[in-house]
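> Take this structure, written in structure tokens, and hold onto it; I'll ask about it next.
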Amino acid sequence: QVQLVESGGGLVQPGGSLRLSCAASGSIFSINAMGWYRQAPGKQRELVAAITSGGSTNYADSVKGRFLISRDNAKNTVYLQMNSLKPEDTAVYYCNVAYMYRPASPVLNAWGQGTQVTVSS
């Protein structure tokens with residue numbers, strides 16, 4: 001079993017910043033990709049940003065230039081620095097981790113419980 005603990009959500013004014021964190025623990029041999037998704041009311045969950053074990057990153061077009069994803073492999077933690085936040089960034093943000101629980105095991109996915117980000121004046 002793998003547990004993901006997210007933190008850092010909250011209420012912020014337009015133009016403000018927030019930093020999300022997600023720490024993974026449990027039966028982890030190695031972590032491949034780590035990422036953040038979000039789901040706004042009435043919309044499908046979408047990828048916000050992802051980062052591979054080698055540090056390659058991928059961003060949704062809507063957040064490019066404003067959000068920065070990073071990871072600390074020693075702590076099994078992924079971060080999302082969100083700057084210049086807009087009301088349309090309001091959503092529940094979910095952490096996702098692709099991991100192996102032993103050498104040569106299948107790659108499994110784990111999800112965090114979600115953290116609310118609200119951008120409003």
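> How many percent of the accessible area of the chain is carbon or sulfur, using a 1.4 Å probe?
With neighbouring chains kept in place, the figure for the chain is 49 percent.
> So, how do all the Cα-to-Cα distances of the range 2-67 break down into 10 Å bins, in percent, from 0 on up?
16, 45, 32, 7
> What accessible area per residue comes out for the range 36-121, rounded to a whole number of Å², with a 1.4 Å probe?
Here the per-residue accessible area is 53 Å².
> Need the list of lysines near Lys64 for cross-linking: C-alpha distance under 25 angstrom, and skip anything on the same chain fewer than eight residues off.
Partners within reach: Lys43, Lys86.
> Further question: Scaled to the compact-protein estimate 2.2 N^0.38 Å, what is the alpha-carbon radius of gyration of the chain, rounded to two decimal places?
1.04
> Here's a follow-up. Taking the Cβ-Cβ separation of Val107 and Asn83 as r and a Förster radius of 41 Å, what is the calculated FRET efficiency to the nearest 0.05?
Computed FRET efficiency for Val107 and Asn83: 0.85.
> Which of Asn96, Asn58, Asn73 moves most in a GNM of the chain, Cα contacts under 10 Å?
The residue with the greatest mean-square fluctuation here is Asn73.
> Pick out which of Met100, Met82, Met34 has the largest mean-square fluctuation in a Gaussian network model of the chain, springs linking Cα atoms closer than 10 Å.
Most flexible of the set in this elastic network: Met100.
The values are calculated or read from the model by the stated rules, or taken from the named source; none is laboratory data. Note that the structure is predicted; figures quoted are calculated from it, not measured. FYI the Cβ positions are ideal-geometry reconstructions off the backbone, even for glycines, and counts take in every protein chain you see. Heavy atoms of the whole protein, side chains included, go into the accessibility calculation; ligands, DNA and RNA do not. Shrake-Rupley method; radii C 1.70, N 1.55, O 1.52, S 1.80 Å.
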